[in-house]
Each structure stands twice: as C-alpha cells, then as structure tokens.
1. Can you find even one residue in the stretch B:73-91 that is within 7 Å of another protein chain (Cβ to nearest Cβ), at pLDDT 95 or above and in contact with a Leu (Cβ under 7 Å, 6 or more places away or on another chain)?
2. Under 22 Å from E:L54 (Cα atoms) and in contact with a Leu (Cβ under 7 Å, 6 or more places away or on another chain): does that describe A:H5?
3. Can you tell me which residue within the stretch B:54-72, out of those that are touching a residue at least 12 places away in the same chain (Cβ under 8 Å) and more than 19 Å from A:L74 (Cβ to Cβ), is nearest to the other protein chains (Cβ to nearest Cβ)?
4. Does the stretch C:142-151 contain any residue that is facing another protein chain (nearest Cβ under 7 Å), within 13 Å of the chain's Cα centre (by Cα), of a type outside the set (S, T, N, Q) and under 19 Å from D:I141 (Cα atoms)?
5. Taking the stretch C:116-137 as the region of interest, how many residues are touching a Gly at 6+ places or on another chain (Cβ under 8 Å) and either modelled with pLDDT under 95 or closer than 16 Å to C:R58 by Cβ (or both)?
6. Would you mention how many residues in the stretch D:11-53 are within 30 Å of F:T23 (Cα to Cα), within 12 Å of chain C (Cβ to nearest Cβ) and of a type in the set (G, A, S)?
7. Are there any strands (runs of 3 or more DSSP E) wholly within the stretch A:30-147 with 3 or more residues that are surrounded by fewer than 21 Cβ atoms within 10 Å (Cβ to Cβ), and if so which?
8. Pairs under 8 Å by beta carbon, first residue in contact (Cβ under 8 Å) with a residue 12 or more places away in the chain in the stretch B:75-89, partner assigned to a loop (DSSP other than H, G, I, E, B) and of a type in the set (A, V, I, L, M), six or more apart or different chains?
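The values are calculated or read from the model by the stated rules, or taken from the named source; none is laboratory data. On a predicted model such as this, the values are computed, not experimentally measured, just so you know. Here the Cβ positions follow ideal geometry from the backbone for every residue, glycine too, while neighbour counts run over all protein chains shown. The area values use the complete protein model at the heavy-atom level, side chains included, leaving out ligands, DNA and RNA. Shrake-Rupley method; radii C 1.70, N 1.55, O 1.52, S 1.80 Å.
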Number of protein chains: 6
Amino acid sequence: MPLTHFDGKGDAHMVDVSDKAVTSRIATAEGHITMARETYDIIAEGRAKKGDVLSVARLAGIMGAKKTPDIIPLCHPLPVTKVAVNLTLDPDLPGVNITATVKTTGQTGVEMEALTAVSTAALTVYDMAKAVDKAMEIGGIRVTLKDGGKSGRYEA
Amino acid sequence: MPLTHFDGKGDAHMVDVSDKAVTSRIATAEGHITMARETYDIIAEGRAKKGDVLSVARLAGIMGAKKTPDIIPLCHPLPVTKVAVNLTLDPDLPGVNITATVKTTGQTGVEMEALTAVSTAALTVYDMAKAVDKAMEIGGIRVTLKDGGKSGRYEA
Amino acid sequence: MPLTHFDGKGDAHMVDVSDKAVTSRIATAEGHITMARETYDIIAEGRAKKGDVLSVARLAGIMGAKKTPDIIPLCHPLPVTKVAVNLTLDPDLPGVNITATVKTTGQTGVEMEALTAVSTAALTVYDMAKAVDKAMEIGGIRVTLKDGGKSGRYEA
Amino acid sequence: MPLTHFDGKGDAHMVDVSDKAVTSRIATAEGHITMARETYDIIAEGRAKKGDVLSVARLAGIMGAKKTPDIIPLCHPLPVTKVAVNLTLDPDLPGVNITATVKTTGQTGVEMEALTAVSTAALTVYDMAKAVDKAMEIGGIRVTLKDGGKSGRYEA
Amino acid sequence: MPLTHFDGKGDAHMVDVSDKAVTSRIATAEGHITMARETYDIIAEGRAKKGDVLSVARLAGIMGAKKTPDIIPLCHPLPVTKVAVNLTLDPDLPGVNITATVKTTGQTGVEMEALTAVSTAALTVYDMAKAVDKAMEIGGIRVTLKDGGKSGRYEA
Amino acid sequence: MPLTHFDGKGDAHMVDVSDKAVTSRIATAEGHITMARETYDIIAEGRAKKGDVLSVARLAGIMGAKKTPDIIPLCHPLPVTKVAVNLTLDPDLPGVNITATVKTTGQTGVEMEALTAVSTAALTVYDMAKAVDKAMEIGGIRVTLKDGGKSGRYEA
C-alpha cells in the first residue's frame, strides 16, 4: 500500500483534494509534558497567583494551529473555524495534560492542526520552565478524534 | 523560585539577555514516533525504493528550527549557524528515532530550536503516514545536551 | 456580559464560527499620523517629485491586512478578496489620513484586517520619516463601517 | 532634507547600516485604546476573575515586536534581546494604556519594534472586545525613549 | 488599457474578486537552471546515490507555492488544493528542468503559485550547488497552462 | 567533489558556519522579465504617469530578500544590513532589467538573498501585468558579484 504523499515515481507532492467534498470537519489531539515535582509546584503556584505558564502555552497552541501549513511541508492550507486548547495540571505525572480541538469547513481534515497545537503548547511550557528544569519530557502526542471526512469517524 | 519568563508582577515578558556574553552554543534534542508494524514496513520500504518519508521530515525539522522564535512566544530570535536532523528507522519501536543538533553564536541557548526541530520532524512523519495509520504516537521529546552558556554543560 | 473570546472557565480560545453563514463581508477602518510641519512638507514634496512615502505605506498596509491572522492571536484566517488602502496628505493635521477597506466571502468579519492595514500603513510612514522626526504620533484608529454578518451593519 | 529611505533617484531602499557600530540600543513606545465605560468594566472584571484580555494582548505585543521586519517593508531584521509590554487599566480614559520596551545589541535602533508591539497589543484588545464594543479607538502611539545609537538619546 | 492592480488614481490595490465565481482552477508553470557540466554530473550522481538535490528543491517549491500571497504583495490568499513540482535532469542544458502544477477551488487563478513554486525550486538548486558553481543561471520561467476562470483556457 | 549541503550519509543538513569569521559581505544578482511590446508600453507609461509597477516590484524584492531563510530550506538566517533593488525599463528586450545588492556582517554570504530579491521582483512584475500578458518570461537570473568571505571575490 503506497503512501498518498508520493506520486507514482516516489516523489513527494501535496495530495490533490480538489474533488473532495467541502464538509464540516473536526479533530482532537492530546499530549503531555512531565517534569520534576518541584517544577510542577512552581507552575501550579504561578497559576494560582501570578505568572501563568498555562495561559501563555494555550495561546501559543492556538497560534500554532494556524501556522500548521507553514510548518508541515505537504499540509494543505485551511481556514480553521475554531481552535480550543486546554492545559490541565496533573499532579500524578507530575506535569501538564494538553488537548486541542480544531474545526474547519473544508476539503481535508484538521488532525495536523490539532497535533501541531498540542505540540506547540508543550514546547512553550518547556520554554517557560526550562530555567528551573531541563529534564522535562514531552510525550503521548496522538490523535483522539477525527470526524467529518470521507474516511469516517476515527476515535482512539 | 520564580520563573524567569515573568516579571515582578507576574506578567509574561521576553527575558532580557542584553548583558549575556556572545558565546558558541550547542543543543541536542531527541524524540520518536511509534507506529503499527505495517506502517513501519511501508516507510522502511519507501526509504529503500522511492517515496522517502524520512527525507521530507528531515527537511521539515531543519526549517522548523529556523521558525522557533515565530512559534514559541517568548523565545529570542537567534541566527542559527548549524542545524542537523537525523531520523533513524527503529524496528523495535517500531517507528522512527529523531535527533536534532543546533548551534549558534549568540546570547542565549538553542535548546528550543533543537526541540522544535525534533517535534516538527515527528509531526511531518505523522502527516505523511496518517492515511494508513492514525494511531501513531509522538513521544520522548527531551533535551539531551546543552552547552556554551553561563549555566554550563547539561547532559541527560 | 462575557467576552466571546473566553470559554466558561475564562480561558482564551478562537471562537467557533463553524455554523455561521458564508456571506459577503466588508469593513472599513481609518486612522492618521500627525507630524511636524517640516516633516509634512518633506513627504508632500517627495510625493510630487520622487521618494513617495505614501506608496510604500500603502503597499505595507495591503500586505499587513493579509498578515492579520498571524499577528492577532485569536483572529480567524480568512481568504480576503479585496484590500484597498488610501493615504491622503492633510495639511491641517499636519500629517496623513489613512483608510482601509477589506472584503471577503466568509464566516466572520474583516474589521481586524482593515484595522491592521491602517495600523501597518501608519507604522510604515513613521519608519520612513523617523530620521527627520521622532515625535510623530499615530491615532484615531477605529472602525467606520462593518457589514455583511449576522450582527448587521455598523457605521460610525 | 531628503528621507534616508530613498536613494538619489527617489527609489525606496533599505538603508545601508553596514558601517554603523554594534551598540546596545533601547526604545520605549506608548499608546492607548479607549472604550465605552461598560466595555472597560467587562475587561477590568475579567482581569480580576477570569478571561484576561490584557494577558493575551501582552503576548501578542511581544510576538508583534519579533515580526516587525516582516511587517515594515524597509525595516532591518534585528535579534531583539528583550521585549516587555505593559498594559494598565485606566478608568479615566476609560481604556487601557500600553507601553513597550525593546532592547537589542545591533547596528540600528528598535523604535519600530517598540511601536509595533504597542500597536499589536492595542489591536488585540480591540479584537477581544469587539463583540461588545465596535467603537473603541486606538491612539497616542508614539516613541517616548530611544537611546544607544549615533543620534544620541531621544526622550519625549 | 490600464493595469487592474491600480485604481483610478494610479494607486496600487488588491483587485476586488468578491464577485467572481468560485470555480476549479489550475495553472502550470515551467523554468530551468543551467550549470557547468561538472556541476550537473555531481547532482546527477547524488540523485543516483545519496544527497538528492532535486528532492530538497521539490519540497522547497511545494512550500513556496503556499507562501505566494506572503511574497507577492497584491496576490490574493488562496487555499490551494494541490501542488506538484517536477524536477528533471536535462543533460543537454546541462541542468534541471522544472515544472509546477497548482490547483484550487476559488475566486482567482493560481498562476502566481505555480510560478513561485518553479522559482523557489530553482533558487534552492542554486543554493545547494553554489559551493561548486556560482555561475549557474535560472531562466525560462513562464506560465504554460491556466484554466478554470472567466478568461478561459490559456496554453503556451 | 561532494556538495556541502549533504553529510557523509547523503542526508541534507544546514552547513555548520559556526567557525567562519564574521566579516562584511556583499552580493549582487541580476535578472530580467521579457514581455510583449504592448505590455512594455503600458508599464512604461504608468511609470511616467501613475500606476507604477516598478515601485511595487522593488518593494517586493526588498521584502523578499528578508524572507530568504524562510523560503530556501537550508539557507542560514542572516541580519541583512542593506538591500537595494533596481528595476530598469529596457525597450530592447522589451521588458525590465532587475538588479539587487545585499550586504551583511555575518558568517556566510548573501548571494541567495540577492537572487531571491531579483526573483521576487520579477514575479511581482508578472503578477501586476498578467491581466494583459500571460506570455511574459523571467530569465537571466544569476549572481554577478560576491565578496567578503573566505572563498574570495567572485565576479561574473
């Protein structure tokens, strides 16, 4: 089974979606960043008081979703109609859980936008806390929902 | 211990690095994407023949490193002097291991550039193989080396 | 009355416009930049002869309108179908009056595009004349017309 | 007195700063956005509780500073070393006062970066509150401090 | 006959396409880069073995097509639905022939996207081979096919 | 002789320039766009009167130079210190001759910036005149001068 991003000669191209229907599409992705307990406490306390890491990362995630076709070489540009990014402090990791939901009305799906939003938000958490903890790790980035296209509903 | 990306009032700002020395800096980050065995085989076979997913992802990673200050809100713009991204097929995952090394001569480190390169390369692998496997997962993204600044050498 | 750019928890998000109708939309914004009489004369003379500040600023404004979703964090990307920016020398300010009109066929309005065009054009005038006048001031930036959406016609 | 952004033929060009000294430079700009009393109260209340318009606008301003050479046609690209944007609720306007301070170590000044940061932050406030108030007005955008270059200290 | 990119006063503007029909549109452009025989041999050998200049240039061309409205001042932003770039080694030049095909469903044509893709791919070949040959020359960039709009089919 | 943009395994990378000296560098490139006599007359007349195609293209070229590291995958980001683009009407082509000169103080050359400026200016001329002439052709894009680096002066 060949990958759709390569043509018959094996050369990369942007898949032709010209004949796909314009439909309402949605995708959700998730991921997390784990950190030292001490780092977690600093972020959690900042949220309660001042210096809210999660707000900055949320905004970075939303803007990251819009940059997706600029970042992912063969991704189609799409006018996204909704982006929501949630970051939740999870004391059990310890760290932050991230989910992103993206919607569009278009000819192709938005799972890359959702994944890019999660990834960008996680990188931003790392950036803001790296002065106190270089060993943070980003993981668990995957698609949990995709719906609205020809291939039907996908749920993980 | 406060986070450096917030000022005394708790407001986010871009840290002042004006008085830091201009030094040679290097950072390395790693990560991976895991996938179904069947997906792995398709990518591995394409590499041998035609339709090379890893080449596209490598280039995306290199370009991603250059976009870092545009993607990460409080990150300083830096003239990177070297970016190398390596993607290796790992049958044990099964999946792809990714490392990125970035260098600069500047006033602040390049670990965000290395992390962004790894993250972008992983997202690009997902994009190119998602037609055959939506359940791929990106993880293990972390800094393994940072050197050249005031805070000294960090190795994971 | 809550602001639409925040969800129930108070977290910023990009408003969901998925269910809004695709309609023809238009917005006009205005603003001005005031300057010393001597600076005004230099710009006015350049317009007549050579070194046309207003042409450069006009083009900057048009390109600025296209960059709006990249600049304004929660703004939806939109395929604008028309951008016109007018800069008029006003000896009474003395300075330059700026208006911008933007159109689209889409699910949300273009007043941010019009405002960004005016703002970018004004900043560009400042940039080109700052060597002779650092005290120029940009003001009066507001929406004067918005039409085509559910909320009806707004005229200032 | 000719404008430096035009050559002898009157054609626009990016000024040659190759022979200028690399020095520490700083610039501060200010501006404001005025609004209806009711709008002011909604933003002020959100700040106290949830839905913080000023935090989103501050981040937009910081990122806007980094985009300056992409937005202003003849502006030199510069590796900014610090960006701080402050937004203060002012019940007397009523509205929001904005200041931005930018630093670099380079061959040309950063007043355009400071102005762009203020302008972007103001536009973002408009975007977030426009659903309740279309008549907000942005003004008073000007440079208040510039120092570090050959032309000496400028203070307004 | 006036140029459509200027209004009645001679000022540049982005042409109003609001009332044009949304139709399927396609454009193809071509171009080439000529080089020394020795340079050609290095690229040809790399293609067979390792170090594939053409793959990197192809990807650059695809991404360049997406950047068109950001690069060409008065170009409308368009959600392209397909981009394919082909680079063929031509021993008779000696050099590389490049073609690009772009499709969209929109209100205006995509010939600028096709031309920008060809141009970007050619510049990338130059970049990758310039260490061995500074005298390469890019030429023959032109539109060979445009179809789908009101002005009918154009074929060169 | 291997190409420097590939490592020992044949994988593309951004060349390490960390150890190269920071020197003053300059590059000049040229190119042209040919067109029908009638098209030439329209542009020439617009230049004299109103609707100046060359001014818009000049500005696009300058901005294009700044976008070079974003457009050319393996190109190093550089703080350019001067960009000048000249467009001259040439009745003998008939068409427009374009030259671009770029300077920087950095660790690598600016010939890609000069070539990108020429290429972007030529594409912009095409865009603005395409409504009257689809058969215009861009060619002769090459480097005519490169100086300031280790490899010495190159003049074509």
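1. Yes: one or more hits.
2. yes
3. B:I72
4. Yes, because at least one residue in the stretch C:142-151 is facing another protein chain (nearest Cβ under 7 Å), within 13 Å of the chain's Cα centre (by Cα), of a type outside the set (S, T, N, Q) and under 19 Å from D:I141 (Cα atoms).
5. 8
6. Here the count works out to 2.
7. A:80-90, A:137-147
8. B:H76/B:V15; B:H76/B:V17; B:L78/B:V110; B:P79/F:L78; B:V80/B:V110; B:T81/F:V17; B:K82/F:V15; B:K82/F:V17
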